[in-house]
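Encoded as structure tokens, the structure appears first; notes follow it.
The values are calculated or read from the model by the stated rules, or taken from the named source; none is laboratory data. Quantities reported herein were computed from a predicted structural model and do not represent experimental measurements. Methodologically, a virtual Cβ is constructed for each residue, glycine included, from the backbone with ideal geometry; neighbour enumeration extends over all protein chains shown.
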Amino acid sequence: MGKVKKDLFFLTLAAFLATLFVWLPFFFDLKEGITTVFKNYDGPNYIVIAKTWYDQAQIASRFSLPTPLEYYPAHLPGYPFSIFVFDLFLPGTWAMLGSTLIFSILCLFSFYLLVYKFKLSKDPFSLSLLFLIFPARWVAVKAVGSPEPMFLFFVLSSIYFFKSAFDKVENNLFSKKKNVYLDLLLAGIFGGLAQITKSPGILLFAGFEIFLFYKMIKEKGKAFSFKNLFNHIAKPSLPLLLIPLSALLVFGFYQIRTGNFWAYFHSGDNFHLFFPPYQAFSPQRSWLGDFWREDMVWQYLLGALTVVFLIKKKLFALASFAGVFFSATLFVAHRDLARYSLPLIPFSLIAFDEFLQKKEFKIALFIIIPAVYLFAINFIAQNTAPVADWTPYL
């Protein structure tokens, strides 16, 4: 068995055991058992969509959640489709958890292969193991019904192929090498899949475009002429247009299923982006809870340092997406900033790899692993939806 296959095998085993370890206390809960995991937000909402595909009459007649009917289009169809597929073989609740587990493993694979191929760490395996158990919010998210593992798998895969294209042709993007164009097409396809999974997928397209402008300006003699804009911006952007086109496909699907092309934007109190930045510290915004929010300052610091260190390492393809995504988080007014920031975590691990490989960090990590585990268990136990009847979910 080659090194890569061996590493992927052990990462698969570790991912399965880590998730099972989080589920374990709930299996022994005599009151509700694994049902607590099933009803963790927003898992039940995604099962509802997988069973009804946004049909409001079906939702109202079959399901008991108090969620407003117009709120469901806030949940994009990518993850519900995976539940729908798994539901062909498993009950809906286990189809949901099975989907999350599979995409958690695939996400780990894509991170490992990104780090391994482009030599972003001296020890891709240990860095991938760290990604499995840190941060604590990630540990909780990938143990319940959530689209984040799927979204991150598509994001990392898209960046993998985008970076691959530019690493193959450093000075002349328009070499006749067909595999370069194939890489760009795959970057667009995976980016489009990210877009139909979660709305921040559009930030991939923005990050790619910023990188294309950077490449054009950096190359000697590349001025803002029509020819240069076409050759260095428009032409490589064609396959990447699959990302915004995927958003239009989602809106068209909403038109068919709900009669409202703009249903996503009419889904109620679902938008948490506000100008100016740092509205997360405003006492007047909803979804913010109390005023104990100092941890959010540390999260902003981690995001800013991620972008700075990626630039310092000259990993500009990664820094362009991380920079766009971090900038977007500055406008998020929601207490769960940790979840909104999860797509930055793989890039943070890459940015701080040298430090994370140090013995001192590994000792500190060993000390806080119980805290990570206890946070995940407590979060899952408390963050539950009031599902009265599980029959329609099965």
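Of note:
- The set of residues from segment 326-372 being of a type in the set (Lys, Arg), in contact (Cβ under 8 Å) with a residue 12 or more places away in the chain and not in a helix (DSSP H, G or I) comprises just one member, Arg335.
- Inspection of segment 267-277 identifies no residue that is outside any loop (DSSP other than H, G, I, E, B) and either more than 24 Å from Leu69 (Cβ to Cβ) or modelled with pLDDT of 90 or more (or both).
- Ala351 of a type in the set (Gly, Ala, Ser), under 21 Å from Ser110 (Cα atoms) and crowded, with 20+ Cβ neighbours inside 10 Å: yes
- The number of residues in segment 282-325 being surrounded by 14 or more Cβ atoms within 10 Å (Cβ to Cβ), closer than 30 Å to Leu69 by Cα and not basic (Lys, Arg) comes to 2.
- Once segment 155-173 is narrowed to residues that are assigned to a loop (DSSP other than H, G, I, E, B) and touching a helix residue (DSSP H, G or I) at 6+ places or on another chain (Cβ under 8 Å), the residue that is modelled with the highest pLDDT is Val169.
- Residue tally, condition under 18 Å from Gln195 (Cβ atoms) and of a type in the set (A, V, I, L, M, F, W, C), over segment 325-343: 3
- None of Tyr79, Tyr41, Tyr46 is of a type in the set (Ser, Thr, Tyr) and modelled with pLDDT under 95 except Tyr41.
- Arg257 being touching a helix residue (DSSP H, G or I) at 6+ places or on another chain (Cβ under 9 Å), charged (D, E, K, R) and assigned to a loop (DSSP other than H, G, I, E, B): no
- Subset of segment 51-92 (residues that are touching a Gly at 6+ places or on another chain (Cβ under 7 Å) and closer than 21 Å to His266 by Cα): Pro68, Glu70, Tyr71
- Filtered residues of segment 76-104 (kept if outside any helix (DSSP H, G or I) and buried (at least 24 other Cβ atoms within 10 Å of the Cβ)): Leu76
- Subset of segment 105-127 that is in contact (Cβ under 8 Å) with a residue 24 or more places away in the chain and assigned to a loop (DSSP other than H, G, I, E, B) - its residue that is surrounded by the fewest Cβ atoms within 10 Å (Cβ to Cβ): Lys122
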